[in-house]
There are 2 protein chains.
Amino acid sequence: MLTEREKMILKIIVNDYTKSGVPVGSKALSSQLPIHVSSATVRNEMAFLEEIGLITKNHSSSGRVPSIEGYRYYVDNLLNPNPIDNSDMMMIQNSLSGRFRQIDEIVQQSADILSNLTNYTALTLKPEQETTPILGSFRLVPLGNHKVMAILITDNDEVVNQVFHIDGDLGGDKLDAVVRMINDKLAGKPLDEVITKLKTEIVPEILKYVKNPDSLVQTLDDVLMQASTNQFYIGGELNLLSFTDNNDISYLKPIYSLLNDTDDAAKFIKSSDNSISVQIGPELSNDLLKDYSIITGSYDVGPYGKGVIAVLGPTRMPYSRVIGIVDGFRNELSKKLRNYYDKYNQ
Amino acid sequence: MLTEREKMILKIIVNDYTKSGVPVGSKALSSQLPIHVSSATVRNEMAFLEEIGLITKNHSSSGRVPSIEGYRYYVDNLLNPNPIDNSDMMMIQNSLSGRFRQIDEIVQQSADILSNLTNYTALTLKPEQETTPILGSFRLVPLGNHKVMAILITDNDEVVNQVFHIDGDLGGDKLDAVVRMINDKLAGKPLDEVITKLKTEIVPEILKYVKNPDSLVQTLDDVLMQASTNQFYIGGELNLLSFTDNNDISYLKPIYSLLNDTDDAAKFIKSSDNSISVQIGPELSNDLLKDYSIITGSYDVGPYGKGVIAVLGPTRMPYSRVIGIVDGFRNELSKKLRNYYDKYNQ
DNA sequence: GTTAGCACTTAACACAGATGACTGCTAAAT
DNA sequence: ATTTAGCAGTCATCTGTGTTAAGTGCTAAC
């Protein structure tokens with residue numbers, strides 16, 4: 001347990017360092033303390049904080065820098081989140097007030113706004129129910145010229161479609177029969193179950209109607225996969241440049257591909273509980289991200305599930321400011337999406 | 001008109017400089033010349049080449065560097081394109097041999113391959129006919145729960161779709177009536193004409209069937225716009241980093257947004273004639289690109305139109321190598337796409 | 001027309017102090 | 001038992017200087 005004065009000192013070190021990026025020394029620190037103590041006293045305290053591992057220094061005569069443990073302590077105990085700026089809030093509301101054609105557009109746009117506000121990289125994940133989505137229905141729409149569009153609708157109102165080509169002539173009535181068969185067998189079932197049943201139960205049935213079902217089956221599989229993997233979006237990828245010390249492309253490329261891999265990236269931002277969570281450097285269990293922190297916040301769209309927004313920045317980021325922004329944003333986004341769903345889905 | 005020796009010297013300067021990035025001096029140059037002359041002679045020739053503006057130097061005692069005019073002369077008169085590497089060709093054929101769901105995927109993948117081969121940034125444009133595409137037909141598919149999908153099919157087999165929401169209850173028969181009306185009036189007409197007629201002729205008609213047609217009309221407009229703007233793809237955006245001297249983010253950001261603006265970027269790569277064209281630095285009529293060159297090559301898919309592939313690199317890029325790659329690639333891509341169309345559209 | 005030779009220019013590099021912002025420690029003051 | 005002043009020591013950063021190497025232009029001889 002730290003004394004009040006030690007806490008104050010740690011807090012100032014983190015605040016200063018995240019703002020300026022310059023290691024903070026005893027003299028500058030003592031002048032910022034609300035109580036009057038000499039720099040020598042501060043030095044003694046700093047020696048103690050270093051001993052218990054909350055701060056370190058780069059070389060023997062440099063100022064102090066928070067360690068990972070120091071950031072953690074700060075985030076858990078010392079930080080009071082700045083409420084979001086009024087102008088930032090205006091900007092959010094403004095950007096979210098346009099006409100959107102689908103949920104995806106809102107979530108994607110959110111990533112862009114969030115990265116603009118923070119000047120970091122932002123990740124956003126669509127709302128999802130806790131349980132796997134359920135197949136609403138399938139459609140097959142003949143488009144002429146051997147083309148058919150497969151459409152899949154889930155119970156949480158996601159629509160996925162894909163066009164495929166079919167050999168030979170396939171009348172609309174035959175397609176209808178296939179659709180009826182599939183819906184009879186699969187509608188109302190969770191998607192993961194549908195995926196497995198597709199191969200075991202459906203393929204043999206399809207063979208009764210269609211001679212060469214490869215492209216049809218492959219398409220069904222594609223849309224199912226698409227509907228059941230969680231879509232997420234990135235905004236401000238370029239900002240990585242500005243806060244990565246090592247401006248070397250060979251260092252950045254793997255990070256970019258990490259971010260662009262749906263499964264990998266979702267892992268980092270999914271584990272968020274109900275509100276805001278902060279993961280710092282090595283806590284992220286990926287060596288590439290050891291100098292980065294991720295702040296995630298979940299947003300709640302009631303019966304339509306929960307989504308996640310996240311900011312990826314350097315470990316030395318102004319946590320209270322960013323947390324304030326993420327918190328303000330997730331509330332606003334919840335509101336916006338509830339509205340959106342309510343408007344169209346009752 | 002340059003003498004043969006002057007041409008040789010200019011050629012070596014360009015070759016050397018594009019390879020090494022280091023200004024080339026008289027001594028190194030003389031040792032590379034096939035005829036034996038001393039460095040002093042080379043210096044005299046270089047002074048002349050500088051006088052007529054084909055080369056410059058960075059400071060009074062540095063080696064020579066090609067000027068924009070020098071590159072232009074080289075590209076027009078001196079360059080003999082390297083035929084594409086066998087291994088590169090293998091890599092292209094390999095990457096294009098997978099299963100693709102649509103043309104767009106192939107064109108997108110092409111941008112990635114091309115950027116990998118060159119280590120520069122690649123842009124690709126879908127094949128397009130010379131004339132504006134013609135509206136094949138419209139569909140409106142009710143998906144239940146107030147959702148309707150609008151589908152547009154053009155004569156060059158492009159399919160565009162979008163889901164929208166509709167207030168109140170709209171029976172399938174009413175939708176069918178709207179669709180029939182639209183197709184009667186507009187099918188077979190070029191898209192630009194369709195776009196203007198939509199507002200003048202169609203909206204009043206729609207009002208007969210639908211009370212609140214806003215979202216429907218807006219959606220029709222959206223899909224029409226989407227079908228008539230040329231889609232293009234970018235590969236290897238990150239590579240910009242590695243060949244931009246000024247590694248400053250404030251310098252790169254506008255270039256990225258330039259590239260991501262469909263209209264702007266398409267302008268640079270569309271003007272290509274039948275084969276390969278090279279645009280160097282200031283010739284690109286955009287100050288942001290004054291240190292870059294673009295090599296475009298068009299590919300031909302017979303009756304389905306022509307597309308463009310392009311490589312964006314630094315003005316000092318190894319033109320003969322890149323031109324060889326672009327040329328090899330466009331041939332391969334033509335073949336692949338002809339196959340693709342033939343297979344599905346007869 | 002070509003070449004050798006020479007004086008001159010410049011970027012790049014390395015090295016040596018000087019500077020300044022720190023720290024840790026000690027001994028005196030509170 | 002804290003707190004403080006004072007001081008020696010450390011280290012990154014900056015500045016100035018000399019050196020090197022590559023390259024040029026010019027001139028006079030070939």
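Considering only residues that are surrounded by fewer than 19 Cβ atoms within 10 Å (Cβ to Cβ), farther than 19 Å from A:N80 by Cβ and away from DNA strand D (no atom under 14 Å from the Cβ), look in the stretch A:1-48 and name the one that is nearest to the other protein chains (Cβ to nearest Cβ). If we take residues in the stretch A:1-48 being surrounded by fewer than 19 Cβ atoms within 10 Å (Cβ to Cβ), farther than 19 Å from A:N80 by Cβ and away from DNA strand D (no atom under 14 Å from the Cβ), then A:A28 is nearest to the other protein chains (Cβ to nearest Cβ).
Among the residues of the stretch A:32-46, just one is farther than 15 Å from A:G63 by Cα and of a type in the set (G, A, S), namely A:S38. Filtering the stretch B:58-100 to residues that are within 14 Å of chain A (Cβ to nearest Cβ) and free of Cβ contacts under 8 Å to residues at least 40 places away in the same chain leaves B:G98, B:R99. Listed conditions (1) more than 13 Å from every other protein chain (Cβ to nearest Cβ); (2) touching a strand residue (DSSP E or B) at 6+ places or on another chain (Cβ under 6 Å); (3) in a helix (DSSP H, G or I); (4) not polar (S, T, N, Q) are all met by B:V223, apart from (1). Among the residues of the stretch B:154-176, the ones that are surrounded by fewer than 16 Cβ atoms within 10 Å (Cβ to Cβ) and in contact with a Lys or Arg (Cβ under 9 Å, 6 or more places away or on another chain) come to 2 in all.
Evaluate the following for B:N86: is it at pLDDT below 95 and closer than 24 Å to B:S277 by Cα? So B:N86 does not fit the description; no. Residues that are surrounded by 14 or more Cβ atoms within 10 Å (Cβ to Cβ) and more than 14 Å from chain B (Cβ to nearest Cβ) occur in the stretch A:131-145; there is at least one.
Being assigned to a helix (DSSP H, G or I), more than 10 Å from chain A (Cβ to nearest Cβ) and β-branched (V, I, T) is a condition met by at least one residue of the stretch B:203-215. One residue alone among B:I151, B:I103, B:I113 is within 7 Å of another protein chain (Cβ to nearest Cβ) and buried (at least 17 other Cβ atoms within 10 Å of the Cβ), and that residue is B:I151. Checked against the criterion of being in a helix (DSSP H, G or I), in contact with a strand residue (DSSP E or B) (Cβ under 9 Å, 6 or more places away or on another chain) and within 14 Å of chain B (Cβ to nearest Cβ), the candidates A:N156, A:N183, A:N161 yield just one match: A:N183. Of all residue pairs spaced 6 or more apart or on separate chains, those with beta-carbon atoms under 9 Å, a first member in the stretch B:14-40 that is acidic (D, E) and a second member that is more than 14 Å from DNA strand C (Cβ to nearest atom) are B:D16/B:V24; B:D16/B:A28; B:D16/B:Q32. If the condition is being among the β-branched types (V, I, T) and touching a residue at least 24 places away in the same chain (Cβ under 8 Å), then the stretch A:222-277 contributes A:V223, A:T229, A:I234, A:T244, A:I255, A:T262, A:I269, A:I276. Residue check: is B:S115 among the hydroxyl-bearing types (S, T, Y), more than 16 Å from DNA strand D (Cβ to nearest atom), assigned by TED's automatic domain parsing to the domain that holds B:G236 and more than 18 Å from the chain's Cα centre (by Cα)? When the stated conditions are applied, B:S115 does not pass them. Kindly indicate which of B:G53, B:G63 is on the phi > 0 side of the Ramachandran plot, surrounded by fewer than 20 Cβ atoms within 10 Å (Cβ to Cβ) and not basic (K, R). Matching residue, one of B:G53, B:G63: B:G53.
Restricting the stretch A:12-62 to residues that are in contact with a Gly (Cβ under 6 Å, 6 or more places away or on another chain) and near DNA strand C (Cβ under 10 Å from one of its atoms), the residue that is farthest from A:Y120 (Cα to Cα) is A:G25. Of all the residues in the stretch A:116-130, those that are away from chain B (no Cβ under 14 Å) and hydroxyl-bearing (S, T, Y) number 2. Is it true that A:Q218 is within 12 Å of chain B (Cβ to nearest Cβ) and outside any strand (DSSP E or B)? Answer is yes for this residue.
Taken over the stretch A:49-62, the criterion of being within 16 Å of DNA strand D (Cβ to nearest atom) and either among the acidic types (D, E) or out of contact with any Ser or Thr (no Cβ under 8 Å at 6 or more places or on another chain) (or both) is satisfied by A:L49, A:E50, A:E51, A:K57, A:N58, A:H59, A:S60, A:S61, A:S62.
The values are calculated or read from the model by the stated rules, or taken from the named source; none is laboratory data. Note that the structure is predicted; figures quoted are calculated from it, not measured. Every residue, glycine among them, receives a Cβ derived from its backbone with ideal geometry; neighbour counts consider all protein chains shown.
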